[in-house]
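The values are calculated or read from the model by the stated rules, or taken from the named source; none is laboratory data. Note that the structure is a prediction, hence the values are computed from the model and not measured. Here the Cβ positions follow ideal geometry from the backbone for every residue, glycine too, while neighbour counts run over all protein chains shown. What goes into the accessible areas is simple: the full protein's heavy atoms, side chains included, and nothing from ligands, DNA or RNA. Shrake-Rupley method; radii C 1.70, N 1.55, O 1.52, S 1.80 Å.
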Amino acid sequence: MSNNQSILQDLGLVEELDEQAGETLTGGVEVFTVKNATGYYIPYTVDGTQTNYPNPGDSAIWTAYGGGIIRFDKDGRDGYEDYKTYNLADGKVYEFQDNKSTPGNPYDIDLYSIA
(Lines give C-alpha, C1' and ligand atoms only; values in the text may rest on other atoms or scores of the structure.)
Protein backbone atom coordinates (compact mmCIF):
# COMPACT_ATOMS: atom_id res chain seq x y z
CA MET A 1 0.00 0.00 0.00
CA SER A 2 1.38 3.40 -0.94
CA ASN A 3 1.61 6.28 1.53
CA ASN A 4 -1.24 8.07 -0.32
CA GLN A 5 -3.50 5.02 -0.04
CA SER A 6 -2.60 4.66 3.63
CA ILE A 7 -3.45 8.31 4.34
CA LEU A 8 -6.74 8.07 2.43
CA GLN A 9 -7.65 4.85 4.22
CA ASP A 10 -6.88 6.44 7.58
CA LEU A 11 -9.29 9.23 6.70
CA GLY A 12 -12.02 6.77 5.70
CA LEU A 13 -12.03 8.05 2.14
CA VAL A 14 -11.18 4.73 0.50
CA GLU A 15 -14.36 3.09 1.77
CA GLU A 16 -16.45 6.08 0.71
CA LEU A 17 -14.94 6.12 -2.78
CA ASP A 18 -15.43 2.36 -3.13
CA GLU A 19 -19.05 2.75 -2.06
CA GLN A 20 -19.64 5.55 -4.57
CA ALA A 21 -18.09 3.47 -7.36
CA GLY A 22 -20.35 0.55 -6.46
CA GLU A 23 -23.42 2.77 -6.57
CA THR A 24 -22.40 4.07 -9.98
CA LEU A 25 -22.00 0.53 -11.32
CA THR A 26 -25.02 -1.14 -9.72
CA GLY A 27 -27.30 1.48 -8.20
CA GLY A 28 -28.21 3.47 -11.30
CA VAL A 29 -31.40 1.53 -12.04
CA GLU A 30 -34.69 3.26 -11.36
CA VAL A 31 -38.17 1.91 -12.01
CA PHE A 32 -41.19 4.22 -12.23
CA THR A 33 -44.56 4.51 -13.98
CA VAL A 34 -45.68 7.29 -16.30
CA LYS A 35 -49.39 7.72 -17.12
CA ASN A 36 -51.15 10.09 -19.54
CA ALA A 37 -54.41 11.49 -18.09
CA THR A 38 -54.73 14.27 -20.69
CA GLY A 39 -56.56 14.38 -23.99
CA TYR A 40 -53.29 14.91 -25.83
CA TYR A 41 -50.72 12.76 -27.56
CA ILE A 42 -47.57 13.51 -25.52
CA PRO A 43 -44.34 12.26 -27.00
CA TYR A 44 -41.63 12.09 -24.37
CA THR A 45 -38.21 10.62 -23.80
CA VAL A 46 -36.70 8.93 -20.76
CA ASP A 47 -32.90 9.11 -20.70
CA GLY A 48 -33.05 9.94 -24.41
CA THR A 49 -35.22 6.95 -25.37
CA GLN A 50 -38.49 7.83 -27.12
CA THR A 51 -41.64 6.34 -25.60
CA ASN A 52 -44.13 4.16 -27.42
CA TYR A 53 -46.96 5.09 -25.01
CA PRO A 54 -47.83 8.78 -25.49
CA ASN A 55 -51.59 8.43 -26.19
CA PRO A 56 -54.34 9.59 -23.80
CA GLY A 57 -55.04 6.88 -21.23
CA ASP A 58 -51.76 5.04 -21.87
CA SER A 59 -49.25 4.19 -19.17
CA ALA A 60 -45.78 2.71 -19.14
CA ILE A 61 -43.49 1.20 -16.53
CA TRP A 62 -39.94 2.34 -17.15
CA THR A 63 -36.68 0.79 -16.06
CA ALA A 64 -34.16 3.61 -16.44
CA TYR A 65 -30.42 3.07 -16.40
CA GLY A 66 -29.33 6.65 -17.11
CA GLY A 67 -30.80 8.62 -14.22
CA GLY A 68 -34.51 8.65 -15.03
CA ILE A 69 -34.58 11.99 -16.84
CA ILE A 70 -37.87 12.65 -18.64
CA ARG A 71 -38.27 15.32 -21.33
CA PHE A 72 -41.63 16.27 -22.81
CA ASP A 73 -43.43 19.03 -24.67
CA LYS A 74 -45.62 20.78 -22.10
CA ASP A 75 -47.83 22.43 -24.76
CA GLY A 76 -50.61 20.19 -26.11
CA ARG A 77 -51.04 22.11 -29.36
CA ASP A 78 -49.61 20.95 -32.67
CA GLY A 79 -46.89 23.25 -33.91
CA TYR A 80 -46.01 24.62 -30.47
CA GLU A 81 -43.03 23.25 -28.61
CA ASP A 82 -42.08 24.11 -25.04
CA TYR A 83 -40.00 21.37 -23.44
CA LYS A 84 -39.73 20.57 -19.76
CA THR A 85 -37.33 18.16 -18.04
CA TYR A 86 -37.59 16.36 -14.71
CA ASN A 87 -35.48 13.81 -12.86
CA LEU A 88 -37.93 11.06 -11.89
CA ALA A 89 -37.57 9.09 -8.66
CA ASP A 90 -37.36 5.34 -8.25
CA GLY A 91 -40.63 3.64 -7.28
CA LYS A 92 -42.86 6.65 -7.98
CA VAL A 93 -45.94 6.92 -10.21
CA TYR A 94 -46.24 10.03 -12.38
CA GLU A 95 -49.13 11.30 -14.44
CA PHE A 96 -49.40 13.84 -17.22
CA GLN A 97 -52.31 16.14 -16.38
CA ASP A 98 -53.68 19.44 -17.59
CA ASN A 99 -51.89 22.21 -15.71
CA LYS A 100 -54.70 24.22 -14.09
CA SER A 101 -52.27 26.76 -12.60
CA THR A 102 -51.88 28.50 -15.97
CA PRO A 103 -55.40 29.73 -16.77
CA GLY A 104 -54.18 31.78 -19.76
CA ASN A 105 -53.06 28.61 -21.54
CA PRO A 106 -55.60 25.77 -21.58
CA TYR A 107 -53.10 23.61 -23.52
CA ASP A 108 -50.51 23.59 -20.74
CA ILE A 109 -49.54 20.12 -19.53
CA ASP A 110 -47.37 19.09 -16.59
CA LEU A 111 -46.18 15.90 -14.95
CA TYR A 112 -47.31 15.23 -11.39
CA SER A 113 -46.25 12.64 -8.84
CA ILE A 114 -49.40 10.75 -7.82
CA ALA A 115 -47.95 7.90 -5.74
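At-a-glance table
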quantity	calculated
Positions within the stretch 44-68 being of a type outside the set (Gly, Ala, Ser), within 20 Å of ILE114 (Cβ to Cβ) and in contact (Cβ under 8 Å) with a residue 24 or more places away in the chain, in sequence order	TYR44, VAL46, ILE61, TRP62, THR63
Residue in the stretch 22-34 that is surrounded by 12 or more Cβ atoms within 10 Å (Cβ to Cβ), at pLDDT below 95 and small (Gly, Ala, Ser) present	yes
When residues of the stretch 49-62 are limited to those that are part of a strand (DSSP E or B) and open to solvent by 70 Å² or more (accessible area, probe 1.4 Å), the one farthest from GLU30 (Cα to Cα)	GLN50
Number of the condition not met by ARG71 [criteria: (1) of a type outside the set (Phe, Trp, Tyr); (2) open to solvent by 70 Å² or more (accessible area, probe 1.4 Å); (3) at pLDDT below 95]	(3)
